[in-house]
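Take a look at the following structure, please.
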Amino acid sequence: MEILAIEGLTKNFYLHNLGKTIKSCRDIGFTLHEGEFIGIVGRSGAGKSSILKCINRTYLPLQGTIVYNSQAFGPIDLAQADERQMLQLRRYEIGYVAQFLNVMPRTTAKEHVMSALLEIGVAAGEAERRAKEMLDYFRLQEELWDIYPQTFSGGERLRLNLAHAMVKRPRLMLLDEPTASLDNKTKVLVKDILQQLKEEKTSMLGIFHDLEFMEGVCDKVFNMSEGSFA
Amino acid sequence: MINKEEAVLQVRDLLLRYGNGCECCRSRQPMEKNRCPRCGTVWAVRNVSFDVYPGEVLGIVGESGSGKSSVMKSLYFDHEVTGGSAFLKQYQDGKVNVFGASSQQRRYIKNHLMGMVYQNPLLGLRMDYSSAANVAEKIIAAGNRNVAFMDGRTVELLEAVEILTSRRAEPPRNFSGGMQQRVQISKALANNPGLLLLDEVTTGLDLSVQAKVLDLIRKIRSRYNISIILVSHDLAVIRMLADRTMVMLDGQVVESGLTDQILEDPQHAYTQQLVHSLL
């Protein structure tokens, strides 16, 4: 089953202070099927993250369609969906894993993961049980669970981000450079985890710097250069 | 499949003007910010429309004087609006414009359906009454005079905002700024309103107290599933709490969208300037 079909996706940024347009990605098209893992590689500034951010609607696409086969609304063009629909999809169906950690002040790692469930109305006790399960699944040591994550290492932050995104079992995972700035040992751990998610039929779209590393996990890889697929 | 959601508040073409206006400013000739150069009329809020949905936090950002607080004060009837309409789902099933309500009905709306937390606690609290009495006053205003209920509810709310209940007999003037804001929040929540208006609640508080108030707002939202309009000039606060955000400039909404989109892909020149000024 097709989860995502993108056609003609183009994104530019207009900077008012300079009166200048910065071109990002252009005329991007591909489809993602259920349980499939597509990787996008390319140099910094090639427009990789823009694709992911347009799907998540953190960026407003300039042109093109992003048809996501949602459970809540059926097929929906994310480029045109209204804000409330996007919020609903982000809460229940689409998980976005950023390179950086973004937590509320004074929120422990466990509370951060729980927050994804509390905001969709899961009771506190159940949210805590599932959050612990997820932290354990992503192999974050138990002594870190009640600590504010600002002090975490890159690998720990990433695993926390993954746990936060995965705890609600999204149908579509968007991974923005999940292996950037990680040491090899942690990369292997992340690779293992992604392999496991794939086996559980999560559809994933990920951006990577080092293609060799992701070989064997991705079903398809697109190489991006100057805003389009090479 | 999910049906279309119903808004808890719909605001249409809200207008707040100080002065009578003239042909020049009524015909939308260029103004000095929001002031008419010919007649001196200040257009504090110009044709602002928005919806607030159940359980969401709507952020309003903008520089001082952009009209953010005027929107809030208009909604809470502190200012008499010049024009426009607002419909509350909980009031006459959202079919009647609340700006046309009588003063008695307005009191009902303020005491039962909405809660307001002002930037300046002096506006929201009686500084010489005890903190418990401040909360109880709101309960009494809603028509409940059961002392045992008031006592229990006051303790529950002060505990929820992490004010020591042993200090509930003390007046807010004895408290720090952060504590006063928390007493205001408990007062605003006294009658389980469906909509909470928070006007610059963390402004002027030090970082640790600010974090506490932010955390409290987040908890209140998930615990009571309350809808919140959050006004702030601090983008970090908006980023942490708001689902959607409107950007105001010179009394008008210049841009609105998902909060992360506003912050990462701002479209309007002013929003770009605002985001790039973020420390």
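Select from the range A:88-155 those chymotrypsin sites (Phe, Trp or Tyr not before Pro) which occupy a DSSP coil region and have at most 15 other Cβ atoms within 10 Å, ordered by residue number.
Qualifying residues, ordered by number: A:Phe100.
Based only on Cα atoms, what Rg/Rh ratio does the range A:2-229 have, Rh being taken as Kirkwood's radius?
Numbers: Rg = 17.5 Å, Rh = 18.1 Å.
When Rh is taken as the Kirkwood radius, the ratio is 0.96.
Which pairs, out of B:Lys73/B:Lys138; B:Lys4/B:Lys110; A:Lys168/A:Lys201; A:Lys168/B:Lys212, put more than 23 Å between their alpha-carbon atoms?
On the way: B:Lys73/B:Lys138 18 Å; B:Lys4/B:Lys110 28 Å; A:Lys168/A:Lys201 14 Å; A:Lys168/B:Lys212 27 Å.
Over 23 Å apart, Cα to Cα: B:Lys4/B:Lys110; A:Lys168/B:Lys212.
Given N residues in the range B:141-279, what is Rg(Cα) / (2.2 N^0.38 Å)? Before the final figure, lay out each step's value.
On the way: Rg = 17.4 Å, N = 139, 2.2 N^0.38 = 14.3 Å.
Rounded to two decimals, the normalised Rg is 1.21.
Can you give the charge dipole size of the range B:73-165 about its Cα centre, rounded to the nearest 20 debye, using +1 on the beta carbon of Lys and Arg and -1 on the beta carbon of Asp and Glu? List each step's numbers first, then the result.
Working: 10 positive and 9 negative charges, 82 e Å.
Dipole magnitude for the range B:73-165 comes out near 400 debye.
Taking the 0 to 90 degree range and rounding to the nearest ten, how far is the long axis of helix A:154-166 tilted relative to the main principal axis of chain A, both from C-alpha atoms?
The helix A:154-166 is inclined about 80 degrees to chain A.
With a 1.4 Å probe and all protein chains left in place, how much accessible area per residue does the range A:122-230 have, in Å²? Each step should come with its number before you reach the end.
On the way: 5130 Å² over 109 residues.
Counting only protein heavy atoms, the per-residue value for the range A:122-230 is 47 Å².
What does the structure give for B:253-261 when I average, per residue, the other chain Cβ atoms found within 10 Å of the residue Cβ? Don't skip to the answer; put the middle values down first.
Numbers: counts 0, 0, 0, 1, 5, 9, 3, 9, 8.
That average works out to 4.
Using a simple spin-label model with points 7 Å from Cα along the Cα→Cβ vector, what separation in nm is obtained for A:His209 and A:Tyr148?
2.9 nm
Within the range A:1-96, list the trypsin sites (Lys or Arg not before Pro) lying in a DSSP loop whose Cβ has at most 12 other Cβ atoms in a 10 Å radius.
Values: sites: A:Lys11, A:Lys20, A:Lys23, A:Arg26, A:Arg43, A:Lys48, A:Lys53, A:Arg57, A:Arg84, A:Arg90, A:Arg91; in loops: A:Lys11, A:Arg26, A:Arg43, A:Arg57.
Of the trypsin sites (Lys or Arg not before Pro), the ones in loops of the range A:1-96 whose Cβ has at most 12 other Cβ atoms within 10 Å are A:Arg43.
Farthest toward the dipole's positive end in chain A, which of A:Ile40, A:Phe100, A:Leu144, given Cβ charges of +1 (Lys, Arg) and -1 (Asp, Glu) about the Cα centre?
It is A:Phe100.
Please pull out the direction-averaged projected area of the range A:1-110, using the convex hull of its alpha-carbon atoms, in nm² to one decimal place. Spell out each step's value before the answer.
On the way: hull surface 36.7 nm².
Its average projected convex-hull area is 9.2 nm².
For the range A:178-230, which semi-axes, largest first and in whole Å, follow from the square roots of 5 times the eigenvalues of its Cα gyration tensor?
On the way: eigenvalues 79, 47, 14 Å².
Square roots of five times the eigenvalues give 20, 15, 8 Å.
Sticking with this structure for a sec: Quick one: grab the alpha carbon gyration tensor of the range B:164-223, order the square roots of its eigenvalues as a ≥ b ≥ c, and give me rounded if a/c is under 1.5, else prolate or oblate depending on whether a/b is larger than b/c.
oblate
Let me ask something else about it. Quick one: of the DSSP bridges fully inside the range A:2-229, what percent are antiparallel, nearest 5?
Values: 20 of 38 bridges.
About 55 percent, rounded to the nearest 5.
Count neighbours as other Cβ atoms within 10 Å of each site's Cβ, and list the trypsin sites (Lys or Arg not before Pro) in the range B:60-161 that are DSSP loop with at most 12 such neighbours. Working shown, then result.
Values: sites: B:Lys68, B:Lys73, B:Lys89, B:Lys95, B:Arg106, B:Arg107, B:Lys110, B:Arg126, B:Lys138, B:Arg145, B:Arg153; in loops: B:Lys89, B:Lys95, B:Arg126, B:Arg145.
For trypsin sites (Lys or Arg not before Pro) across the range B:60-161 that sit outside H, G, I, E and B with at most 12 neighbouring Cβ atoms in 10 Å, the list reads B:Lys95, B:Arg145.
Please state, rounded to one decimal and in Å, the Kirkwood hydrodynamic radius that the range A:1-58 gives when every pair of distinct Cα atoms enters the mean of 1/r. Could the numbers behind the result be given before it?
On the way: mean 1/r = 0.0781 Å⁻¹.
Radius from the Kirkwood sum: 12.8 Å.
Looking at the protein assembly as shown, send over the antiparallel percent of its DSSP beta bridges, to the nearest 5. Before the final figure, lay out the partial values.
Numbers: 40 of 75 bridges.
Taking every DSSP beta bridge with both residues in the protein assembly as shown, the antiparallel ones total about 55 percent.
With charges set only on the Cβ (+1 for Lys and Arg, -1 for Asp and Glu), what does the dipole of chain A come to about its Cα centre, in debye to the nearest 20? Display every interim value, and only then the final one.
On the way: 28 positive and 30 negative charges, 108 e Å.
Value, rounded to 20: 520 debye.
On to the next question. Largest first, please: the extent of the C-alpha atoms of chain B along each principal axis, to the nearest Å.
59, 49, 45
In terms of modelled amide H atoms, which long-range or inter-chain residues lie less than 5 Å from the amide H of B:Ser130?
Those qualifying (amide H under 5 Å, at least 5 residues apart or on another chain) number zero.
Still on this structure, please answer the following. Mind listing P(r) for the protein assembly as shown? All alpha-carbon pairs, 20 Å bins, whole percents.
For the protein assembly as shown, the binned pair fractions read 21, 51, 26, 2 percent.
How large is ³J(HN,Hα), in whole Hz, for each residue of the range B:112-117 in order, when computed from phi with the Karplus curve 6.51 cos²θ - 1.76 cosθ + 1.60 and θ = phi - 60°, using x for Gly and Pro?
Karplus-based 3J(HN,Hα) across the range B:112-117 equals 10, 9, 9, x, 10, 10 Hz.
The values are calculated or read from the model by the stated rules, or taken from the named source; none is laboratory data. As the structure is a prediction and not an experimental result, all values here were calculated from the model. Using ideal geometry, Cβ is built from the backbone for each residue, glycine included, and neighbour counts are taken over all protein chains shown. Each accessible area value is taken on the protein alone, full model and side chains, heavy atoms only, with ligands, DNA and RNA left out. Shrake-Rupley method; radii C 1.70, N 1.55, O 1.52, S 1.80 Å.
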